[in-house]
Every structure is written in structure tokens, then in C-alpha cells.
Amino acid sequence: MRMCIDYHQLNKVTIKNKYSLPRIDDLFDQLKGASVFSKIDLRLGYYQLRAVFGPVCSCVIDDILIYSCDETEHTEHLRLVLQILRDKQLYAKFSKCEFWLREVSFLGHVVSASGIRVDPSKISAILDWKPPRNVTKVRSFLGLAGYYRQFVKGFSMIASPMTKLLQKDIKFEWSGKCQKSFNQLKSYLTEAPVLVQPESGKEFVIYSDASLLGLSCVLMQEGRVVAYASRQLKPHEKNYPTHDLELAAIVFALKIWQHYLFGERCHANVVADVLSHKSLFTLRAMNKVDDELVAKRAECASNVESEFQLDDNDCLMFRSRLIEFTMDFVSGLPLSPSKKDVIWVVVDRLTKSAHFIPVHMDLSLDKLAELYVS
């Protein structure tokens, strides 16, 4: 006979222990400036009491990472942590411990004084992954690859064909786009950059972009990448005009990196995009109060050779705005209903905008010029 006990009622009144794990980003932020590392693995970690060691080490379940800026400091930190382990009678497995390292594998990443990079041993598992044959396998692959999404520029957009397979009422069909997305993620993870540890007080630069595929941004410091971030558009966001999408990308970046950017100095948008557009009234006002623009206006008024000129609205205009452009012709096309058989492709080198104009094969240069200006 086997005795059984129903613990349902006891479980209802039992206060459960809840210890939230620290965020990985927060743990890595603590390592900035460190160049010497030691790693201690506790024996039977789940059965030993939790100990708090302070700012010189990070603890995740049964792993303890000790970090210091130099060897002298590391000696003191190591002695302090080991003494606490002895006092609390916590035991480590020596075969899994590593000391005096210049780089250390921690939480699937390799950390060193130069920054953080992807652990090659983890990437090998992704490279050996076979193309998924069902939704469960797709979810598993994206879960592992997504752990390193901050290393991949535009991760969400690249993974878009595969994430669509996870939607409800979508028939699983591994298409050519899915295979291309699968291969691209593998390739980008093998070429992932070394991310630097952000330092407070130094200037941050955010580059953001938006399209109908999604939002993408990169946080940089002193010309080096701190992290990438991206996400796909929500259904209602696909109806946004370009201006609102660009703003959504900025808001997205500020939200996820607010702990880095809060309190830091900010600069105006200096990249030529839709957010750089100004109304004519704003430009007129700027021409009168901006010292640099006032100097250029005086230069134009004195008939000195300049790359700018004054237009009919008394605003500065770049002389080469209609000169500096590249063009090409896409010919050999079937005749359209409007009797056009060539696409004239023109790219303005100032605005980087492209124009696709249907024309006749025998159109003269004068007619092309008139067509472009109109």
C-alpha cells in the first residue's frame, strides 16, 4: 500500500520564496573598466545560502564573477570574497573555478577589457542548427539567436520572415525568404562586433532609422558600438507617415537606453532625413540669427565665389543641388500603355533621393532636362 498526501491546501497558505535574477545588462554594466577576472562556481549552489558580496563581484545563482581594474586590486577583492565564503561555509568546486583571467566567459558572452563579444562555443550551436521543420523549432532557434540580438544590426527585420511563422492561424511553410533570413542571422552572429562598455560622462550618439519593415537604432560612444536594437512595426504603425515613423524610432531608442542617456547632454539631429526638414518661415528666421548662416549670406552678397547662393526667398541655396547627381537608364523594357519603354533613374547626391521617371528611348537631352526640372 502506498500512502499519498494532498498538499493543495498547504500550498495555498505557503509563502513562496521569490528571488528575481539580476538583468544581464545590469551585470555587464558593472564590469566597465575591469581587466582582471576570476570565476568561482559554488558546489551544490541551489542548496547553499545566498550571500551578498558587494560591488567587486556579481552573483548569478551559483556563479560568482570577481572583477578588478588591475592585479593589485584583484588580489584584495579575491581575498575578500574567499574569506566571506569561508565564514559562511559555502563551498566551491575547484575544477570549475578560474582565476586571474584577462578575459572570461560569463552568461554566454566573453568579457575582457576591450569589451563584450559573443561566446564562440554558443555560436557553434547556432551554426550547426538545421533548418527548422516546425514552429517549435523556429521558436527555439529565434530564442537562442535573439539572446544575442544586441550584436546584430536590424535583427528584427532580418528575422521577420521567421517570426511571421509564429503567428496564430498561419500555416507553416519554410519559404526561400525564411531560409535567407535563417542564413543571414547565422552569418551576422559569426561576424558580430565587440561591444564596448558605456562610460558615463562621455558623449553618446544614437543613429536611428525607420521603414515599413521596422525600427532600428544603434547606440555608440567614441565611434564604437555599445549596442544595437530593433523591432518590427505594430499593425497600426504601418499607417504612420514617414515623419512619425522616424520619431517612433527615436522614442524606441530613448526608452530602451534611458538608463544610459538620462542626464546626458543632447544635440540636435544632424543627419539629413525627414526630421531635418524645416518650414520656409523657420529657414528665414534662421538666416537672420544663426552666426554661421549670416556669415555665408554676407559672403554671397559680396560676390565672392561660394558653393551657396541666395534664392528668391532670400535663403541660402546650395549651388550644386541640381548639378551633383548621378543617373542611369533601364532600357529593353516592353512598351507601356503610355508608349514608354525606358526608366530614367536619377539620384540627387545632396538629398540622396532617387527618382524613377518613365521616358521614350529617343528623348533628347533638352527634353530630359525639362522633364527633370518639372
The stretch 77-98: number of residues that are within 23 Å of Asp26 (Cα to Cα) and part of a strand (DSSP E or B): 1
In the stretch 316-334, the residues that are more than 15 Å from Leu368 (Cβ to Cβ), modelled with pLDDT of 80 or more and among the hydrophobic types (A, V, I, L, M, F, W, C): Leu333
Qualifying residue in the stretch 254-267 (condition: charged (D, E, K, R), part of a loop (DSSP other than H, G, I, E, B) and touching a residue at least 60 places away in the same chain (Cβ under 8 Å)): yes
From the options Ile158, Ile126, residue that is modelled with pLDDT under 90 and aliphatic (A, V, I, L, M): Ile126
Filter result for Ser160 (exposed (fewer than 13 other Cβ atoms within 10 Å of the Cβ) and either touching a strand residue (DSSP E or B) at 6+ places or on another chain (Cβ under 6 Å) or closer than 30 Å to His259 by Cα (or both)): no
Unique residue being at pLDDT below 80, exposed (fewer than 13 other Cβ atoms within 10 Å of the Cβ) and of a type in the set (Lys, Arg) when the list is Lys367, Lys296, Lys352: Lys352
Checklist (1) over 24 Å from Lys234 (Cα atoms); (2) assigned to a helix (DSSP H, G or I) applied to Pro161, failing item: (1)
Any hit, the stretch 101-109, residues being out of contact with any helix residue (DSSP H, G or I) (no Cβ under 8 Å at 6 or more places or on another chain) and part of a helix (DSSP H, G or I): no
Matching residues, the stretch 180-204, being exposed (fewer than 14 other Cβ atoms within 10 Å of the Cβ) and either of a type in the set (Ser, Thr, Tyr) or not in a loop (DSSP other than H, G, I, E, B) (or both): Lys180, Asn183, Ser187, Thr190, Ser200
Members of the stretch 116-143 found to be of a type in the set (Lys, Arg) and either in contact with a Gly (Cβ under 7 Å, 6 or more places away or on another chain) or part of a helix (DSSP H, G or I) (or both), listed by number: Lys122, Lys137, Arg139
Any hit, the stretch 55-71, residues being at pLDDT 85 or above, more than 27 Å from the chain's Cα centre (by Cα) and in a helix (DSSP H, G or I): yes
Of all residues in the stretch 110-124 being among the small types (Gly, Ala, Ser) and in contact with a strand residue (DSSP E or B) (Cβ under 9 Å, 6 or more places away or on another chain), the one that is surrounded by the most Cβ atoms within 10 Å (Cβ to Cβ): Gly115
Residue match in the stretch 272-285 (condition: outside any helix (DSSP H, G or I), within 22 Å of Val205 (Cβ to Cβ), modelled with pLDDT under 70 and aliphatic (A, V, I, L, M)): yes
Filtered residues of the stretch 205-235 (kept if surrounded by fewer than 19 Cβ atoms within 10 Å (Cβ to Cβ) and among the hydroxyl-bearing types (Ser, Thr, Tyr)): Tyr207, Ser211
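The values are calculated or read from the model by the stated rules, or taken from the named source; none is laboratory data. Keep in mind it's a predicted model, so treat the numbers as computed, not measured. Counting neighbours? That spans all protein chains shown, and the Cβs are built from the backbone with ideal geometry, glycine included.
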